[in-house]
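Written below as structure tokens is the structure these notes are about.
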Amino acid sequence: MNSNGMVRFPSFAAVVMIVINLPLAAQDLDKGFPDSQSLKKTSGSPIFQVLNINNITAWQRSDGRIWGSPNGEPSTIYPKNTVSAIYGGGIIWGAKAYLDPNYSVSPPGQSIRLGGHVRASSRRAGRIIGSGSTATGADPADDDVRIYKIRRDYRELSPNELRTEASDSYQVPLSSVSDAQITAVFNQYEKDWNEWPVLYGAPYVDRNGNGNYDPPPPFSATFTVDSLIARGYDEPGVAGADPNSVADQVLWTVYNDLDPAPTMYASEKLGTEAQATVWGYKSTGPLGHIFFRRVKIINKGGVLVGGQKVSLYLDSVYVAQESDPDLGDFVEDIIGCDTTLSLAFIYNGVAIDRQYKQFGLPPPSVGYDFLQGPRVPAPGDSAVFDLKRLHGWKNLPMTSFSYFSSGSAIADPPGNVYEGALRWWKLLRGYVPDPSTAPNRLYEHPPGVPQTKFPLSGDPVLKTGFLDGLGTQYSFAPGDRRIVMSSGPFRLAPGDTQELVMGYIGGLGSDRVSSVAVMKFNDRFAQNTYDALFRVPRPPAGPSVKVAELDGLIVLEWASEGARV
């Protein structure tokens, strides 16, 4: 309370927003999945899990690939229970490979290689066991090789809430959910809570501060979810600087690139393991329109060179968020970037989208934010790593924004050939994906506008700057876009770990352009939450209201329970 007797709230307090829950709609999709799987109880499953704690439904896979759902629908629905916002995408990285710590001797074969995911790839679920000459990928069929999902209040869910969980997980209407499906979802929550793979890298809340994970007691009538904080126990999941600001739902998986099968772009291996943590908060404010994804990339080796397993020294590494947005009708998408926010975003190119219109909604906007880019040495500066402050380093922002568009003059790199990998190497560094033999070329800009590595960086809300969707040589007509937002370069020596944290942001306004404004508002809230190292404010208690009726007058007196005024 200040000197004037007024209560002060944190600077990142949120404007309350209403979550819209609407029936699931049928969609006409142009893409499918030959390997769809559900929550079946076999070794190495589930392969798919869904983050569904708030107003975004986001499917993830155990091999790190974010490309659709078990039944072939898009990976991300926004708002929840409406239609597609993002068809698929993933984290991809590329590097120059060397055999020595001086970064001077290239391996035979390919010197430029790709890791991560772009649509199909040979990355497989499971950690890398060992390192260097002993490194080998875990068997994807093992029971502990799966995507894990926890919700800390799973024991407190009502029958209706469990039914909704099963409806989301099995992609069936509420009326079709079976008792067996409800039981399976509950059992999976319990299994993953009890078997949370901390030893493999899954995050946990070190509430007792001893640097080790001490599993909490089993839940019971006398030990509930509230007991975890009240009695100071560790728990699975994600918290930042405040161990009591815990994510409400968390997914975790680990995958690697040591699969003997060739990759989609015929790139040779890098010997990297990636650990992906995805989390969200149960909220009706801006956090209800956001989820977070942290990816740790570890150089563990195991790459075959001359018949021997080795670790490579990786130089000029760039990491990127790649996305195939399908915002309702995918043929109407346009895109942009905001360099001040390290943000790439998608919005609709026309006023009405027929997919969203059937729900009585204007088209929303969806964005990707590099909340935390890779760290590089920077004496006197500081970075964030593992949700802690690290001195002598800095985090890189988004360093380039690239795109291509199906059927346009800038189309997909060719698949199944190394030429495709070399064109991706151009994209990762902010260049047009021309043939590898052509000189590097920046994207065309409007006449008189200096060329940069950030095309389409105008402001669609203010209608200023370099905008997409104009139907020109430098601004294509609305269509089926792909976006690539990158950060780099950095080095990754054997045994090194890099980390990035992405925010996935939705916004729904009164029309296609105001949706961009709402998305950017929510994005600033995501950035504030990250900058506070995920000290997440909980909603205040409801006010206590007293009503007095006087002659011709009604007097209301209210205050929050326990508030001091």
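The values are calculated or read from the model by the stated rules, or taken from the named source; none is laboratory data. Everything quoted here is computed from the prediction, not taken from an experiment. No Cβ is skipped: glycine too gets one built from the backbone with ideal geometry, and neighbour counts run over all protein chains shown. To get the accessible areas, we keep the full protein, side chains included, count just its heavy atoms, and leave off ligands, DNA and RNA. Shrake-Rupley method; radii C 1.70, N 1.55, O 1.52, S 1.80 Å.
Points to keep in mind about this one:
- Calculated FRET efficiency, residue 208 to residue 391, Cβ-Cβ distance, R0 = 41 Å: about 0.95 to the nearest 0.05.
- If you take the alpha carbon atoms of segment 188-265 and fit the smallest convex hull around them, that volume is 141 Å³ per residue.
- Under 12 Å from the Cα of residue 282 - aspartates and glutamates, other chains or at least 8 residues apart: 153, 248
- Charge sum, other residues only, whose C-beta stays under 11 Å from residue 435's C-beta, Lys/Arg counted +1 and Asp/Glu -1: +1
- The Cβ shell under 11 Å around residue 96 holds other residues with a net charge of +1, Lys and Arg each +1, Asp and Glu each -1.
- When the listed pairs 80/388; 300/426; 296/520; 149/296 are checked against a 29 Å cut-off, the alpha-carbon distance exceeds it for 80/388.
- Positive-end ranking of 325, 290, 362 along the dipole of segment 258-403, with charges on Cβ about the Cα centre, is headed by 290.
- Per residue solvent-accessible surface (Å²) - the chain, probe of 1.4 Å: 41
- Surface share of carbon and sulfur [accessible, 1.4 angstrom probe, percent] for the chain: 54
- Near residue 212, once Lys and Arg are set to +1 and Asp and Glu to -1 for all other residues with Cβ below 14 Å from its Cβ, the sum equals -3.
- 14 Å Cα-Cα reach of residue 96 towards aspartates and glutamates, excluding residues that sit fewer than 8 places from it in its own chain: 268, 315
- For segment 317-332 and segment 340-406, distance of Cα centres in Å: 12
- Each principal axis of the Cα atoms in segment 137-189 has its own extent, and those three values, largest first, are 41, 23, 14 angstrom.
- Label-point separation, residue 155 to residue 139 (7 Å along Cα→Cβ), nm: 3.4
- nm² value of the averaged projected area, convex hull over the Cα atoms of segment 204-328: 13.0
- Filtered chymotrypsin sites (Phe, Trp or Tyr not before Pro), segment 432-522: DSSP coil and at most 16 other beta carbons within 10 Å: 474
- Where only C-alpha atoms are counted, convex hull volume of segment 256-342 per residue in Å³: 178
- Pairwise centroid distance, computed over Cα atoms, of segment 46-114 with segment 172-209, Å: 22
- The dipole here belongs to segment 103-224: it is taken about the Cα centre, uses +1 on the Cβ of Lys and Arg and -1 on the Cβ of Asp and Glu, and is about 580 debye.
- Computed extension length for residue 497-residue 451: 13.2 nm, one decimal, from 0.36 nm per residue of separation with the Cα-Cα distance subtracted.
- Taking a ≥ b ≥ c as the square roots of the eigenvalues of the Cα gyration tensor, segment 390-451 is oblate, since a/c reaches 1.5 or more and a/b is not larger than b/c.
- Shape class for segment 398-508: oblate, because the ratio a/c of the largest to smallest gyration tensor axis (alpha-carbon atoms, square roots of eigenvalues) is 1.5 or more and b/c is at least a/b.
- Loop trypsin sites (Lys or Arg not before Pro), segment 421-472 (other Cβ atoms within 10 Å of the site Cβ: 14 or fewer; DSSP): 441, 463
- Per-residue HN-Hα couplings for segment 62-75 [Karplus 6.51, -1.76, 1.60; θ = phi - 60°; Hz; x = Gly/Pro]: 5, 8, x, 7, 9, 8, x, 10, x, 9, x, 7, x, 6
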